[in-house]
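What follows is a single structure, written as structure tokens, with notes after it.
Every read-out reported here was derived from the displayed coordinates using simple, explicitly stated rules and does not represent laboratory data. Every value quoted in this text rests on a predicted model; they were computed, and no experiment measured them. Here the Cβ positions follow ideal geometry from the backbone for every residue, glycine too, while neighbour counts run over all protein chains shown.
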Amino acid sequence: RSLARFIFARMLAAVAALLSFTAPLASRPVAQRGAAVSMGEKVLSLDNMGLYSGKAAQKAPVRVLTRIEDLRVLTSLAEAGVLSAAEEAGVFSKLESAGAISQAEKLLPLADKLQVLALAETLINVPAGLLTAAAVALLAGEVGLIAAVPDDSAPLVALQLVSGGVAGLGAVVLLASGALFSALQSTD
């Protein structure tokens, strides 16, 4: 009797194993589409059937700020004294009285040396969604910090206030930058 149960259990397991097998679908392709290769203005892509031509590649963006920096326009402006001449002519009103224009003119060669324009151009090319995600992550981290730090002493409450102010200001700057960069990066 126990031998019959043993055989029955083994046969039942074998039938269950056979019924649970599903064959792969014949319509599913064996090879997946490969990465596109760019050659000049055309995009060539290779799939499981061979090589075919795709849509034209997008043109590389013109780097205006980098080109201005390469030409050292800021240094040329400083050497030509354009801002000082405008200050003397009274073009600027409140800035003129503070002498800010001549101070800015003295900083133009330093801006050329530090490649400020290239940095600004690189920052403009940061995806706007990434800046928004960074703002959300900053706020979420701050909420976590405020929740984790106890409120039982004045220095800890001060820490929460200071970190909350800095994180809030940083999030506002990131969100505003994301909105500005979204407008600058739009194709419309």
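Distance between the 7 Å Cα→Cβ label points at Val143 and Leu180: 2.7 nm. Model label sites at Asp151 and Ser76, defined 7 Å from Cα along the beta-carbon direction, differ in position by 6.1 nm. Scaled to the globular estimate 2.2 N^0.38 Å, the Cα spread of segment 82-136, given as radius of gyration, is 1.66. With no solvent and one equal point scatterer placed on each C-alpha of segment 111-188, evaluate the Debye formula and give log10 I(q)/I(0) for q = 0.25 Å⁻¹, two decimals. With no solvent term, the Cα-only Debye profile gives -1.05.
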